[in-house]
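Here is the structure we will look at.
The values are calculated or read from the model by the stated rules, or taken from the named source; none is laboratory data. Keep in mind that this is a model prediction, so the values were computed, not measured. Virtual Cβ from ideal backbone geometry, glycine too; neighbours counted across all protein chains shown. When the accessible area is computed, the model is the full protein with side chains, heavy atoms only, and any ligands, DNA or RNA have been set aside. Shrake-Rupley method; radii C 1.70, N 1.55, O 1.52, S 1.80 Å.
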Amino acid sequence: MDLSVFFAGTAGSVPTARRGLPALLVRRGGDRILFDCGEGTQRQLVGSVGLLELTEVFVTHFHADHWLGLPGLLKTFDLRGRERPLAIYGPRGLRELLALAPRAAGRGRFELDLVELAPGDVLDRDGYRIAAVPVSHRGPAFGYALFEDQRPGVFDKAKAIRAGLKEGPEFGRVQRGETVNGVSAERVLGPPRPGRKLVISGDTVPCEAVAIAAHEADLLIHEATFAQDERERAAETGHSTAAQAAELAREAGVRLLALNHFSSRYPVAVLRDEARAVFARTVLPRDFDTIEIPFSDRGEPELVRGDGGAEADAAHAQAVAGPIP
(Lines give C-alpha, C1' and ligand atoms only; values in the text may rest on other atoms or scores of the structure.)
Protein backbone atom coordinates (compact mmCIF):
# COMPACT_ATOMS: atom_id res chain seq x y z
CA MET A 1 0.00 0.00 0.00
CA ASP A 2 1.60 3.25 -1.15
CA LEU A 3 1.64 6.27 1.16
CA SER A 4 2.95 9.64 0.02
CA VAL A 5 2.59 13.37 0.54
CA PHE A 6 2.51 15.77 -2.40
CA PHE A 7 3.40 19.39 -1.57
CA ALA A 8 1.02 21.56 -3.60
CA GLY A 9 1.89 24.72 -1.69
CA THR A 10 4.70 25.41 0.79
CA ALA A 11 4.64 29.19 1.32
CA GLY A 12 3.49 31.02 4.42
CA SER A 13 0.88 33.75 4.33
CA VAL A 14 2.14 35.28 1.07
CA PRO A 15 2.66 33.32 -2.16
CA THR A 16 5.83 33.80 -4.17
CA ALA A 17 6.71 33.12 -7.78
CA ARG A 18 7.81 29.59 -6.83
CA ARG A 19 5.70 28.75 -3.79
CA GLY A 20 1.92 28.58 -3.51
CA LEU A 21 -0.18 28.88 -0.38
CA PRO A 22 -0.50 25.91 2.01
CA ALA A 23 -1.88 22.67 0.58
CA LEU A 24 -0.80 19.05 1.09
CA LEU A 25 -2.18 16.09 -0.83
CA VAL A 26 -1.86 12.76 0.97
CA ARG A 27 -2.19 9.69 -1.24
CA ARG A 28 -2.78 6.31 0.38
CA GLY A 29 -3.85 3.53 -1.93
CA GLY A 30 -6.88 4.93 -3.74
CA ASP A 31 -7.55 7.66 -1.16
CA ARG A 32 -6.73 11.28 -2.00
CA ILE A 33 -6.90 13.55 1.06
CA LEU A 34 -6.25 17.29 0.90
CA PHE A 35 -4.97 19.07 3.99
CA ASP A 36 -5.60 22.82 3.67
CA CYS A 37 -6.51 24.58 0.47
CA GLY A 38 -4.90 27.97 0.12
CA GLU A 39 -5.79 30.36 -2.67
CA GLY A 40 -4.67 28.92 -6.00
CA THR A 41 -4.53 25.30 -4.85
CA GLN A 42 -6.60 23.99 -7.74
CA ARG A 43 -4.26 25.68 -10.21
CA GLN A 44 -1.26 24.16 -8.43
CA LEU A 45 -2.84 20.72 -8.79
CA VAL A 46 -3.88 21.22 -12.41
CA GLY A 47 -0.30 22.22 -13.25
CA SER A 48 1.24 19.17 -11.59
CA VAL A 49 -0.53 15.92 -10.65
CA GLY A 50 -3.92 16.95 -12.02
CA LEU A 51 -7.13 17.92 -10.26
CA LEU A 52 -7.84 14.57 -8.64
CA GLU A 53 -11.16 13.30 -7.37
CA LEU A 54 -10.55 14.07 -3.70
CA THR A 55 -11.76 11.65 -1.04
CA GLU A 56 -12.02 14.31 1.69
CA VAL A 57 -10.56 17.65 2.82
CA PHE A 58 -9.16 18.70 6.20
CA VAL A 59 -8.69 22.34 7.19
CA THR A 60 -6.22 23.14 9.97
CA HIS A 61 -7.61 26.60 10.84
CA PHE A 62 -9.41 29.54 9.34
CA HIS A 63 -6.74 32.04 8.39
CA ALA A 64 -7.35 32.89 4.76
CA ASP A 65 -4.10 31.42 3.44
CA HIS A 66 -5.29 27.94 4.51
CA TRP A 67 -8.82 27.78 3.10
CA LEU A 68 -9.51 30.51 0.56
CA GLY A 69 -8.97 28.14 -2.37
CA LEU A 70 -11.95 25.99 -1.36
CA PRO A 71 -14.81 27.94 -3.01
CA GLY A 72 -13.17 27.80 -6.42
CA LEU A 73 -12.18 24.16 -6.01
CA LEU A 74 -15.74 23.18 -5.09
CA LYS A 75 -17.12 25.10 -8.06
CA THR A 76 -14.75 23.32 -10.41
CA PHE A 77 -15.79 19.94 -9.04
CA ASP A 78 -19.41 20.93 -9.68
CA LEU A 79 -18.68 22.04 -13.26
CA ARG A 80 -16.94 18.73 -13.89
CA GLY A 81 -20.07 16.89 -12.79
CA ARG A 82 -18.88 15.45 -9.49
CA GLU A 83 -21.59 13.26 -7.98
CA ARG A 84 -19.79 11.70 -5.04
CA PRO A 85 -20.36 13.53 -1.71
CA LEU A 86 -17.37 15.41 -0.32
CA ALA A 87 -16.68 15.77 3.41
CA ILE A 88 -14.70 18.74 4.72
CA TYR A 89 -13.40 18.58 8.28
CA GLY A 90 -12.07 21.34 10.50
CA PRO A 91 -12.28 23.03 13.90
CA ARG A 92 -15.38 24.59 15.43
CA GLY A 93 -16.65 27.37 13.16
CA LEU A 94 -16.18 25.44 9.89
CA ARG A 95 -19.89 25.42 9.01
CA GLU A 96 -20.28 29.14 9.52
CA LEU A 97 -17.16 29.89 7.50
CA LEU A 98 -18.00 27.69 4.52
CA ALA A 99 -21.59 28.88 4.41
CA LEU A 100 -19.96 31.69 2.44
CA ALA A 101 -18.71 29.34 -0.29
CA PRO A 102 -22.07 28.85 -2.09
CA ARG A 103 -22.59 32.59 -2.08
CA ALA A 104 -19.17 33.17 -3.61
CA ALA A 105 -19.10 30.35 -6.14
CA GLY A 106 -22.68 29.14 -6.49
CA ARG A 107 -24.33 26.14 -4.87
CA GLY A 108 -23.00 22.82 -6.09
CA ARG A 109 -25.04 19.83 -7.15
CA PHE A 110 -23.07 17.28 -5.15
CA GLU A 111 -23.53 16.79 -1.42
CA LEU A 112 -21.15 18.75 0.81
CA ASP A 113 -20.75 17.45 4.36
CA LEU A 114 -19.17 19.96 6.75
CA VAL A 115 -17.91 18.26 9.91
CA GLU A 116 -16.66 20.22 12.91
CA LEU A 117 -14.17 18.19 14.93
CA ALA A 118 -13.35 18.39 18.62
CA PRO A 119 -9.80 18.07 19.94
CA GLY A 120 -8.82 14.42 20.07
CA ASP A 121 -11.52 13.20 17.68
CA VAL A 122 -10.41 10.14 15.72
CA LEU A 123 -11.90 9.17 12.36
CA ASP A 124 -11.77 5.50 11.37
CA ARG A 125 -10.86 4.69 7.81
CA ASP A 126 -10.06 1.50 5.93
CA GLY A 127 -6.82 0.38 7.55
CA TYR A 128 -5.94 3.72 9.15
CA ARG A 129 -7.25 6.56 11.29
CA ILE A 130 -7.01 10.35 11.30
CA ALA A 131 -6.86 12.23 14.61
CA ALA A 132 -7.45 15.92 15.25
CA VAL A 133 -4.50 17.28 17.27
CA PRO A 134 -5.16 20.55 19.14
CA VAL A 135 -2.36 23.02 18.46
CA SER A 136 -1.47 26.48 19.76
CA HIS A 137 -2.11 29.15 17.14
CA ARG A 138 -4.47 32.11 17.06
CA GLY A 139 -8.02 30.83 17.36
CA PRO A 140 -9.29 27.25 16.91
CA ALA A 141 -6.60 25.22 15.15
CA PHE A 142 -5.69 21.59 14.57
CA GLY A 143 -2.81 19.55 13.36
CA TYR A 144 -3.63 16.09 12.08
CA ALA A 145 -2.13 12.64 12.62
CA LEU A 146 -2.72 9.85 10.11
CA PHE A 147 -1.74 6.48 11.54
CA GLU A 148 -2.20 3.01 10.14
CA ASP A 149 -3.36 -0.17 11.84
CA GLN A 150 -0.78 -2.74 12.80
CA ARG A 151 0.21 -5.21 10.11
CA PRO A 152 0.34 -8.97 10.71
CA GLY A 153 3.73 -10.40 11.51
CA VAL A 154 5.92 -12.10 8.91
CA PHE A 155 4.68 -15.57 7.89
CA ASP A 156 7.09 -18.35 8.84
CA LYS A 157 6.76 -20.98 6.12
CA ALA A 158 8.99 -23.54 7.82
CA LYS A 159 7.08 -23.25 11.09
CA ALA A 160 3.77 -23.63 9.22
CA ILE A 161 4.91 -26.85 7.53
CA ARG A 162 6.12 -28.26 10.85
CA ALA A 163 2.70 -27.44 12.31
CA GLY A 164 1.11 -29.62 9.61
CA LEU A 165 -0.13 -27.02 7.12
CA LYS A 166 0.07 -27.67 3.40
CA GLU A 167 1.58 -25.07 1.12
CA GLY A 168 -1.08 -23.32 -0.93
CA PRO A 169 -4.55 -22.18 0.13
CA GLU A 170 -4.02 -23.24 3.75
CA PHE A 171 -1.09 -20.83 4.03
CA GLY A 172 -3.22 -17.98 2.75
CA ARG A 173 -6.13 -18.74 5.06
CA VAL A 174 -3.92 -18.74 8.15
CA GLN A 175 -2.26 -15.47 7.08
CA ARG A 176 -5.74 -13.93 6.86
CA GLY A 177 -6.35 -14.85 10.49
CA GLU A 178 -8.22 -18.15 10.15
CA THR A 179 -7.48 -21.25 12.21
CA VAL A 180 -6.79 -24.20 9.90
CA ASN A 181 -6.54 -27.79 11.20
CA GLY A 182 -6.05 -26.44 14.69
CA VAL A 183 -3.22 -24.09 13.62
CA SER A 184 -3.87 -20.42 14.45
CA ALA A 185 -2.16 -17.41 12.91
CA GLU A 186 -0.33 -16.69 16.16
CA ARG A 187 1.58 -19.98 15.80
CA VAL A 188 3.05 -19.20 12.37
CA LEU A 189 3.27 -15.42 12.27
CA GLY A 190 5.91 -13.23 13.85
CA PRO A 191 5.01 -10.30 16.12
CA PRO A 192 2.71 -7.62 14.65
CA ARG A 193 4.49 -4.92 12.68
CA PRO A 194 3.68 -1.24 13.11
CA GLY A 195 1.82 0.70 10.48
CA ARG A 196 3.04 4.10 9.33
CA LYS A 197 2.39 7.45 10.97
CA LEU A 198 2.24 10.87 9.34
CA VAL A 199 1.79 14.04 11.41
CA ILE A 200 0.96 17.50 10.04
CA SER A 201 1.41 20.37 12.49
CA GLY A 202 -0.56 23.11 10.76
CA ASP A 203 0.29 26.58 12.08
CA THR A 204 1.45 26.44 15.70
CA VAL A 205 4.05 27.33 18.24
CA PRO A 206 5.94 24.23 19.40
CA CYS A 207 3.42 22.40 21.59
CA GLU A 208 3.15 19.24 23.63
CA ALA A 209 0.18 17.88 21.68
CA VAL A 210 2.18 17.78 18.44
CA ALA A 211 5.19 16.28 20.23
CA ILE A 212 3.03 13.48 21.63
CA ALA A 213 1.28 12.83 18.33
CA ALA A 214 4.63 12.79 16.49
CA HIS A 215 6.26 10.21 18.78
CA GLU A 216 8.24 7.90 16.46
CA ALA A 217 6.34 9.17 13.42
CA ASP A 218 7.63 8.18 10.02
CA LEU A 219 7.15 11.75 8.80
CA LEU A 220 6.49 14.99 10.65
CA ILE A 221 5.52 17.97 8.51
CA HIS A 222 6.03 21.03 10.69
CA GLU A 223 5.73 24.69 9.93
CA ALA A 224 8.89 26.84 10.05
CA THR A 225 7.72 30.38 9.45
CA PHE A 226 10.65 32.06 11.20
CA ALA A 227 14.35 31.65 11.93
CA GLN A 228 15.69 31.69 15.48
CA ASP A 229 16.62 35.36 15.33
CA GLU A 230 12.88 36.12 15.36
CA ARG A 231 11.70 33.54 17.87
CA GLU A 232 9.95 36.23 19.92
CA ARG A 233 8.03 37.31 16.83
CA ALA A 234 7.22 33.66 16.15
CA ALA A 235 5.74 33.26 19.64
CA GLU A 236 3.73 36.47 19.31
CA THR A 237 2.14 35.34 16.06
CA GLY A 238 1.63 31.69 16.99
CA HIS A 239 4.32 30.23 14.76
CA SER A 240 7.54 28.21 15.06
CA THR A 241 11.15 28.65 14.07
CA ALA A 242 13.03 26.08 12.03
CA ALA A 243 15.19 25.21 15.04
CA GLN A 244 12.15 24.73 17.26
CA ALA A 245 10.58 22.36 14.77
CA ALA A 246 13.85 20.43 14.58
CA GLU A 247 14.08 20.21 18.36
CA LEU A 248 10.57 18.81 18.53
CA ALA A 249 11.37 16.26 15.82
CA ARG A 250 14.54 15.18 17.61
CA GLU A 251 12.77 14.74 20.94
CA ALA A 252 9.87 12.88 19.32
CA GLY A 253 12.21 10.47 17.54
CA VAL A 254 10.70 10.94 14.08
CA ARG A 255 12.25 9.30 11.03
CA LEU A 256 12.05 12.39 8.81
CA LEU A 257 11.17 16.05 9.36
CA ALA A 258 9.81 18.13 6.48
CA LEU A 259 9.54 21.87 7.01
CA ASN A 260 6.95 24.04 5.26
CA HIS A 261 5.03 27.33 5.56
CA PHE A 262 8.11 29.37 4.73
CA SER A 263 8.14 33.13 5.11
CA SER A 264 9.39 34.97 2.04
CA ARG A 265 11.67 37.02 4.29
CA TYR A 266 14.27 34.23 4.44
CA PRO A 267 16.33 32.38 1.86
CA VAL A 268 15.29 28.76 2.39
CA ALA A 269 18.93 27.81 2.98
CA VAL A 270 18.88 29.80 6.23
CA LEU A 271 16.03 27.71 7.61
CA ARG A 272 17.57 24.51 6.25
CA ASP A 273 20.91 25.06 7.94
CA GLU A 274 19.30 26.11 11.20
CA ALA A 275 17.14 22.99 11.35
CA ARG A 276 19.80 20.51 10.24
CA ALA A 277 22.18 21.75 12.90
CA VAL A 278 19.65 20.32 15.36
CA PHE A 279 18.13 17.40 13.43
CA ALA A 280 20.03 16.06 10.45
CA ARG A 281 17.12 14.24 8.83
CA THR A 282 15.37 17.44 7.80
CA VAL A 283 14.17 18.27 4.29
CA LEU A 284 12.60 21.43 2.90
CA PRO A 285 10.26 20.47 0.07
CA ARG A 286 9.55 22.75 -2.83
CA ASP A 287 6.15 23.01 -4.48
CA PHE A 288 5.40 19.83 -6.47
CA ASP A 289 7.85 17.69 -4.48
CA THR A 290 6.70 14.39 -2.99
CA ILE A 291 7.75 12.42 0.07
CA GLU A 292 7.27 8.68 -0.27
CA ILE A 293 6.74 6.85 3.03
CA PRO A 294 7.58 3.13 2.88
CA PHE A 295 7.02 0.71 5.73
CA SER A 296 9.88 0.92 8.21
CA ASP A 297 11.17 -2.54 7.24
CA ARG A 298 11.40 -1.49 3.58
CA GLY A 299 13.41 1.71 3.78
CA GLU A 300 13.40 5.32 4.89
CA PRO A 301 11.01 8.11 3.87
CA GLU A 302 12.43 9.81 0.79
CA LEU A 303 12.03 13.25 -0.72
CA VAL A 304 11.47 13.06 -4.49
CA ARG A 305 11.90 16.35 -6.27
CA GLY A 306 9.16 17.43 -8.64
CA ASP A 307 11.63 17.57 -11.52
CA GLY A 308 12.50 13.93 -10.91
CA GLY A 309 15.93 14.72 -9.52
CA ALA A 310 17.39 13.72 -6.18
CA GLU A 311 17.48 16.19 -3.33
CA ALA A 312 19.93 18.86 -4.44
CA ASP A 313 21.36 19.64 -1.04
CA ALA A 314 21.89 16.12 0.36
CA ALA A 315 25.65 16.62 0.20
CA HIS A 316 25.32 19.78 2.25
CA ALA A 317 23.36 17.92 4.94
CA GLN A 318 26.12 15.34 5.28
CA ALA A 319 28.79 18.01 5.41
CA VAL A 320 26.97 19.83 8.22
CA ALA A 321 25.73 16.91 10.30
CA GLY A 322 27.63 13.84 9.14
CA PRO A 323 26.06 10.81 7.43
CA ILE A 324 22.30 10.55 7.86
CA PRO A 325 21.64 7.39 9.86
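Observations
- Residue that is most open to solvent (accessible area, probe 1.4 Å) [pool: residues in segment 10-26 that are of a type in the set (Gly, Ala, Ser) and touching a residue at least 12 places away in the same chain (Cβ under 8 Å)]: SER13
- When TYR266 is tested against (1) open to solvent by 40 Å² or more (accessible area, probe 1.4 Å); (2) modelled with pLDDT under 95; (3) part of a loop (DSSP other than H, G, I, E, B); (4) not small (Gly, Ala, Ser), just one condition goes unmet, and that condition is (1).
- Exactly one residue out of PRO85, PRO152 is closer than 30 Å to GLU186 by Cβ and either out of contact with any strand residue (DSSP E or B) (no Cβ under 9 Å at 6 or more places or on another chain) or not polar (S, T, N, Q) (or both): that is PRO152.
- Residue satisfying condition, being in a helix (DSSP H, G or I), touching a strand residue (DSSP E or B) at 6+ places or on another chain (Cβ under 9 Å), crowded, with 20+ Cβ neighbours inside 10 Å and among the aromatic types (Phe, Trp, Tyr), within set PHE7, PHE77: PHE77
- LEU54 meets the stated requirement of being open to solvent by less than 10 Å² (accessible area, probe 1.4 Å), part of a loop (DSSP other than H, G, I, E, B), without any contact (Cβ under 8 Å) to a residue 40 or more places away in the chain and in contact with a Lys or Arg (Cβ under 8 Å, 6 or more places away or on another chain).
- When the criteria are applied in full, ARG193 meets the requirement of being in contact (Cβ under 8 Å) with a residue 40 or more places away in the chain and surrounded by fewer than 18 Cβ atoms within 10 Å (Cβ to Cβ).
- Only one of ALA249, ALA185, ALA163 that is surrounded by 14 or more Cβ atoms within 10 Å (Cβ to Cβ) and modelled with pLDDT of 95 or more: ALA249
- Filter result (surrounded by fewer than 24 Cβ atoms within 10 Å (Cβ to Cβ), touching a residue at least 12 places away in the same chain (Cβ under 8 Å) and either in contact with a His (Cβ under 8 Å, 6 or more places away or on another chain) or not acidic (Asp, Glu) (or both)) within segment 214-243: HIS215, ALA227, GLN228, ARG231, ALA234, ALA235, THR237, GLY238, ALA243
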